[in-house]
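The values are calculated or read from the model by the stated rules, or taken from the named source; none is laboratory data. Computed from a prediction, not measured in an experiment: that's the story for all the values here. All Cβ positions, even for glycine, are placed from backbone atoms using ideal geometry, and neighbour counts span all protein chains on display. All accessible areas refer to the heavy atoms of the entire protein, side chains included, with ligands and DNA or RNA removed. Shrake-Rupley method; radii C 1.70, N 1.55, O 1.52, S 1.80 Å.
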Amino acid sequence: MRMAQTLAHLQHARHVSVGCSAKRAVWSCGKTTLFEYQPLVPAAQRSGVRPLLICFALVNRPYVLDLQPERSLVQRLLEGRLPLYLIDWGNPDEGDRRVDLEEYIERRLGGCVRHILAARGAEQLDLLGVCQGGVLSLCYAALHPQEIGNLVTLTAPVDFHTPDNLLAKWVRGVDTALIAAAGNMPGEALNALFLALMPVRLTQQKYVRLLAANPDQRAVEDFVRMEKWIFDSPPQAAAALAQFVRWFYQENRLVHGTLEIGGRRVRLKDIRQPLLNLYALHDHIVPASACEPLGALAGSRDYQAAAIATGHIGMYVSRAARAEIAPRILSWLQGHR
């Protein structure tokens, strides 16, 4: 009977909505769209506050930051009276197979930054880089420090060769020339790789727990929202994916100081703005050991870090995300205006 009830709840939860905060598109380049969130307070109450731009990963959809009101990092940041923007990288198709990391960092991320600064008449904005988006944000902040007031990284890897980085070990011997030549990587293929890092826990075990827990309709809808995001991975532009695997996972160029974007050397020592680094203690995708070295490598004299007792996805949707991460970000930014 309990299993039948859960299955009935699942049937009714098939079409749950995701993304709860109102936003509008304000700029685009290729498949990339910049969104501005509708503020929760009048403009007069936000005067003197730098805008905050969220740069999410290329490999996942950013709506995980705004799944539903009670599980929304976006909502909490809006409650902090921040002018808030988000980059959605969109769905690359075969016409985008040659889009590389220089295009993503300089033209698309850079285009978003320049649009916001021009639209608001500001000299700088604050940048929040999430996961792979944190890597892109570190690169941009190092190359364009004059445009970034404060930098926040969330589960952003820096050292890709730590002993507990299973994903890095798996792709160490991958032929990146073959990746570039094969065309765009389907999102389903990349998602299968992530699930394979913890196959029992991330596949069978979670479904057994759901059926055994006798959840109510709301709990089932929460579960389905999370599943929808997990299996909604966008395709990856072949050139950018091949470069990311080779330059970061295989050659660890950020740590070695050998990374170049558009003919310019990316030096973490050139990141001198205030820097907040938040990462998870139980992260199977980006181990804490991959994030911790940032303080020693960056040039910022105003560096703060915190390890949160949760996992990778928990950094975005767990109780810790609601109770600890958003308040930390808001408090830190308020202290660095």
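Remarks
- If the condition is being assigned to a loop (DSSP other than H, G, I, E, B) and either of a type outside the set (A, V, I, L, M, F, W, C) or farther than 19 Å from Leu101 by Cα (or both), then segment 253-270 contributes Gly257, Thr258, Gly262, Gly263, Arg267.
- Condition met for Ser21 (touching an Asp or Glu at 6+ places or on another chain (Cβ under 6 Å) and either over 16 Å from Pro235 (Cβ atoms) or not in a loop (DSSP other than H, G, I, E, B) (or both)): yes
- The number of residues in segment 286-320 that are within 26 Å of Gly149 (Cα to Cα), open to solvent by less than 30 Å² (accessible area, probe 1.4 Å) and part of a helix (DSSP H, G or I) comes to 7.
- Boolean, Arg46 is open to solvent by 10 Å² or more (accessible area, probe 1.4 Å), at pLDDT below 90 and closer than 16 Å to Met315 by Cβ: no
- Residue match in segment 117-132 (condition: polar (S, T, N, Q), buried (at least 18 other Cβ atoms within 10 Å of the Cβ) and in contact with a Cys (Cβ under 8 Å, 6 or more places away or on another chain)): no
- A single entry from Arg71, Arg76, Arg61 fulfils the requirement of being open to solvent by 20 Å² or more (accessible area, probe 1.4 Å), of a type in the set (Lys, Arg) and within 17 Å of Thr155 (Cα to Cα): Arg61.
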